[in-house]
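Student: Got a structure for you, questions after.
Values in this text are rule-based calculations from the coordinates and carry no lab data. On a predicted model such as this, the values are computed, not experimentally measured, just so you know. Note: ideal-geometry Cβ built from the backbone for every residue, glycine included; neighbour counts use all protein chains shown.
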């Protein structure tokens, strides 16, 4: 079905919002107060022609863009402002289009675009020209990420015609990548509030967000509802906002629930081998085993680095062979020391190594230990029997909920790490390094291959560290973030939160349909070889 921007009603008056928040985020919008100024707009003459998404009237859209003459917007003009780039400096970033001269306001009316402002044919009207637009800062927030660059170019050409049809001064933010700007992450909202609203503090009791991805049975996703929860805005569906429909509480939030995760679960006791331990005064090897974004680097920097452990990040090859670059680094750092005095024999440097690696399977870990022991024997003459080999496993406190190998938790952490890079801390020091999202293929590969480590693999001790954050960092972590990745949380078949009116008998049918769809996608993904990442 072609998408069309709805026609304006003959008399429009956008509903006024109360000064205090309603009892629930989906409470109905009240009618305008008595005596409010309302601008009457004459009804247009009846027309049998329908308008397409570019504001043209005519026959059926043949998929062609408007002519060069028709594409020139009339009246108030707009322009694309400089792109908002990701903290990593990579990707296409977030587009920012400004129509007219929108005035800053503490009251913000924010809307999704597709399915909300641009509705299907014969959809209802988007209010405009009413007294409320003089009181609100109007913002459109839309996800437009796509692997095809021509789609983002088409979107940039289309937006001026959408804005001309609305005839309301506004800001448009369009995220063209899978980064901190993509909903339900808060990047677009934060950019508007911090940089483009005149420095005014937002009145969250009087502001709101409208979106169609609300987690209802017929909705394609729940991203808009999660976004409103993340930023603290009251949420309304298009039907509730534009059609005066009653609140629809028959919804669910899909995926993994960060609010249910327990950061206070104590670590289990370490497992120790019954075999006699070698002398560990000089030689020790610690394998840090965990999925991407599981906390390996943080653990090293806060626990092992102060004890003067050297860290090596190992990205395994297909056959777990050691790369030439790794061999050279180990040889440079841990080879035999050269004596400056011929009267004394050379003293070897102490070997205290921390290997940070995503070795997921038992076979890959056994093979790595064998190859690494042979390398150390060749450059130091130290046999494997002279090393204490320990493993530290980074795991979720609730693997039954967080998925195999903690995949759901690591996916969430990857987004959180990316959107807060430059704001987080390592111990008591700021982390300035910008971090990109871990590619989804790496997460899926970890999930497929993960096997719980055992002492039989050759470890003298095996410790498990549950992921947990200090209380100061938890507020920024407890948000709906995993949906920044491609795909929809609904396809996981896992329900995190039931809405007040969710019909659980119908929900079970949704879950089964989602699992079938996810299974089809997984079969395709298994055919694509992935790479490992630390």
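Student: From the Cα gyration tensor of the range 134-176, with a ≥ b ≥ c the square roots of its eigenvalues, which class applies: rounded if a/c is under 1.5, or else prolate if a/b is larger than b/c, or else oblate?
Tutor: Oblate shape, in that a/c is at least 1.5 and b/c is the bigger or equal ratio.
Student: Pull out a ≥ b ≥ c, the square roots of the eigenvalues of the alpha-carbon gyration tensor of the range 178-289, then state rounded if a/c is under 1.5, prolate if not and a/b is larger than b/c, and oblate in the remaining case.
Tutor: It is prolate, given that a/c is not under 1.5 and a/b is the larger ratio.
Student: Kindly put 421, 146 in sequence by how many other C-beta atoms sit within 10 Å of each C-beta, fewest to most.
Tutor: Ascending number of Cβ neighbours within 10 Å: 146, 421.
Student: Another question about this same structure. Label-point separation (nm) for residue 476 and residue 302, each offset 7 Å from Cα along Cα-to-Cβ?
Tutor: 1.4
Student: Each label point is 7 Å from the Cα along the Cα-to-Cβ direction; what then is the distance between the points at residue 440 and residue 331, in nm?
Tutor: Here the modelled spin labels are 4.2 nm apart.
Student: Something else about it: Compute the Cα gyration tensor for the range 356-397, then decide on rounded, prolate or oblate, letting a ≥ b ≥ c be the square roots of its eigenvalues: rounded whenever a/c is under 1.5, prolate when a/b is larger than b/c in the other cases, and oblate in all that remain.
Tutor: prolate
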